[in-house]
Amino acid sequence: MATILELYRVDYWKYRAEGNANIVLQYIGPHSRFRNTVLRLRKADRLDDSKAGLEGTNFGVDTITMKNLTKESHFATEVIGLLLGQQFVEQLIAVALPPGFLSSLALAMEPSRPESRRQKGVDLAQSVGFLALDHTRFIKPSPGQSDIAVEIKPKWGFLTKSAFLRNDQDIKRRKCRFCMYQHQKIKTGQEGSLSKYCPIDLFSGTELMVQDALDSLVDTPQNNLRLFMDGIQHPVSRESMTQCLSEISTSTSSQTQEQQQKRKPQCIEGDDPLDYEENDSWPVRLTEVLTQILIESPLLKRLGRLQQALDSLDVETVHRLYTYLIEHDSAPLPEPSVEEFLKTAEAFMDRTDMDAMMAEDQEAFETHNAAGLGFEPEDDLEDLPESLKLHFIREFLLSATLKDCSILVTIQRDASAAVGVTTANTTSSSKLEVDAGSPEFHEACHRIKVKEEMFVYKITCIDLDPKKMTSVPMYVKKDRTIVGHYLATVGDREAACGAN
Ligand SMILES: [Zn+2]
């Protein structure tokens with residue numbers, strides 16, 4: 001674990017974004033080697049603030065904290081890295097949080113935080129934070145080029161085909177979790193209107209459907225789409241998504257200004273820029289570039305298939321396994337260690353032919369996946385050995401992590417393309433060392449040609465937190481509520497998700 005003294009000044013950090021579990025701060029201090037880094041801090045319920053200082057009063061880290069620390073940083077890189085591929089998983093470097101620094105930092109960030117997220121605060125009991133690469137930008141700045149980043153929270157990319165599904169939940173074979181959940185969110189006031197987005201389209205791998213899913217995300221982003229330009233978050237709108245690729249960066253050289261000017265369409269005064277959306281003379285749109293990247297990169301397909309394969313039993317069966325174990329042991333189940341999660345992932349990989357999984361069509365994949373389980377719904381699940389019961393609950397928890405992650409796609413116009421030195425489908429990599437002795441950050445950049453224009457991109461999976469065993473009862477309850485509410489209010493009359 002690193003103690004990097006140059007990081008510990010409150011005015012070196014700026015609020016970036018937050019989810020339910022973590023808050024992310026951006027480095028804005030003077031040290032150039034941190035220019036591309038963010039600090040990730042864990043959040044906790046406000047009540048837990050009373051624990052503040054118990055662990056964070058000194059630089060020393062006790063054994064329990066050290067264990068938790070190992071868990072958080074190694075879970076993403078080792079366990080999820082094994083499943084998704086190391087190259088797609090965010091690297092984290094653990095850094096000590098000195099006394100006083102964390103509480104001052106939390107206080108300073110508070111005014112920038114959105115009201116809707118303030119029921120939780122920075123967990124003041126943590127003595128360790130995580131330094132990560134700022135994936136909204138590239139390590140090496142390219143003069144005159146803006147770094148555009150889009151963060152997509154894709155959610156569940158599959159319709160279950162599980163033979164273990166309860167009859168009264170058959171709707172789950174036709175309507176995806178995201179679309180059904182929207183109705184529940186309207187009921188509880190979490191959202192004011194239904195999202196147009198359906199993950200089944202995004203995960204389809206079919207160009208028109210992927211493009212349609214991205215356009216829907218732009219129209220109704222909710223918390224599933226964020227746009228960043230040069231590391232700064234911008235509101236998502238059709239206009240911002242259309243124009244951001246033709247914006248001139250603040251550091252633009254005169255040569256690239258000329259190039260960019262050439263790309264701009266001949267606007268007629270008074271015209272709505274959106275009128276040019278379908279016009280070939282308008283520069284390529286960001287969603288068009290994203291569509292090609294999401295189809296070219298194996299990440300989204302791999303994510304969707306893993307979500308489904310690791311959730312083969314459906315939450316109802318997983319809950320039954322959980323209940324058997326609880327009743328047998330009459331004690332709460334211990335949370336899996338990173339090693340146990342790793343064993344689960346390894347056992348899953350042993351029974352799964354990953355290359356075949358990626359190459360097969362949907363039907364063949366689902367058939368193979370079901371056959372690989374080694375038991376069927378007719379079998380008495382109570383007879384499964386305890387170790388297998390635990391294994392399948394952990395598989396489900398891994399699936400839950402993958403259903404809740406985000407994908408960051410960072411894009412830049414390829415400046416070298418202007419002088420004709422690059423071709424599509426080439427990759428390069430950059431490194432960043434923030435501290436002697438700490439692991440280096442790496443990024444892999446790929447080139448892609450979209451509508452005769454060259455772009456550089458990188459794609460990374462973030463927010464890969466381990467899910468808890470004790471959440472299984474909550475998962476089953478939530479699932480029943482969502483399905484029940486959907487059937488009661490909408491019923492089974494809409495077209496199936498993904499059916500066009
Ligand atoms: Zn859907």
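The values are calculated or read from the model by the stated rules, or taken from the named source; none is laboratory data. Since this is a predicted model, take the numbers as computed values, not measurements. Heads up, the Cβs are rebuilt from the backbone with ideal geometry, glycines too, and the neighbour counts pull from every protein chain shown. Each accessible area value is taken on the protein alone, full model and side chains, heavy atoms only, with ligands, DNA and RNA left out. Shrake-Rupley method; radii C 1.70, N 1.55, O 1.52, S 1.80 Å.
F178 - would you say it is free of Cβ contacts under 8 Å to residues at least 24 places away in the same chain and open to solvent by less than 20 Å² (accessible area, probe 1.4 Å)? Yes, satisfied.
In this structure, H135 does not satisfy being within 16 Å of the ligand (Cβ to nearest atom) and either open to solvent by less than 10 Å² (accessible area, probe 1.4 Å) or of a type outside the set (K, R) (or both).
The single condition among (1) away from the ligand (no atom under 16 Å from the Cβ); (2) open to solvent by 30 Å² or more (accessible area, probe 1.4 Å); (3) part of a loop (DSSP other than H, G, I, E, B) that K155 does not satisfy is (1).
For the criterion of being under 30 Å from M454 (Cα atoms) and in contact with a Leu (Cβ under 9 Å, 6 or more places away or on another chain), L225 passes. Here the range 184-201 is the region considered, the condition is being part of a helix (DSSP H, G or I) and in contact (Cβ under 8 Å) with a residue 24 or more places away in the chain, and the residue that is nearest to the chain's Cα centre (by Cα) is P199. Can you name every one of the helices (runs of 4 or more DSSP H) wholly within the range 337-436 that holds 3 or more residues which are in contact (Cβ under 8 Å) with a residue 12 or more places away in the chain, open to solvent by 10 Å² or more (accessible area, probe 1.4 Å) and over 18 Å from G85 (Cα atoms)? Qualifying helices (runs of 4 or more DSSP H): 362-371, 386-403. The residues in the range 488-498 that are in contact (Cβ under 8 Å) with a residue 24 or more places away in the chain and closer than 12 Å to R174 by Cα can be counted, and the count is 5.
Yes or no: L217 in a helix (DSSP H, G or I) and surrounded by fewer than 18 Cβ atoms within 10 Å (Cβ to Cβ)? Let's see the steps before the verdict.
Working: in a helix (DSSP H, G or I): yes; surrounded by fewer than 18 Cβ atoms within 10 Å (Cβ to Cβ): no.
No: the conditions fail for L217.
Within the range 159-183, being farther than 17 Å from R305 by Cα, assigned to a helix (DSSP H, G or I) and either of a type in the set (K, R) or within 15 Å of the ligand (Cβ to nearest atom) (or both) holds for I171, C179, M180, Y181, Q182, H183.
Can Q222 be described as part of a helix (DSSP H, G or I), within 16 Å of the ligand (Cβ to nearest atom) and free of Cβ contacts under 8 Å to residues at least 60 places away in the same chain? The answer is no for Q222. Is it fair to say G129 is more than 30 Å from Q412 (Cβ to Cβ) and in contact with a strand residue (DSSP E or B) (Cβ under 8 Å, 6 or more places away or on another chain)? So G129 fails the test.
Has the range 303-313 got any residue that is within 16 Å of L402 (Cα to Cα), in contact (Cβ under 8 Å) with a residue 60 or more places away in the chain and surrounded by fewer than 20 Cβ atoms within 10 Å (Cβ to Cβ)? Checking the range 303-313: not a single residue is within 16 Å of L402 (Cα to Cα), in contact (Cβ under 8 Å) with a residue 60 or more places away in the chain and surrounded by fewer than 20 Cβ atoms within 10 Å (Cβ to Cβ). Could you grab me the full set of residues in the range 94-121 that are open to solvent by 10 Å² or more (accessible area, probe 1.4 Å) and among the β-branched types (V, I, T)? Passing the criteria: none in range.
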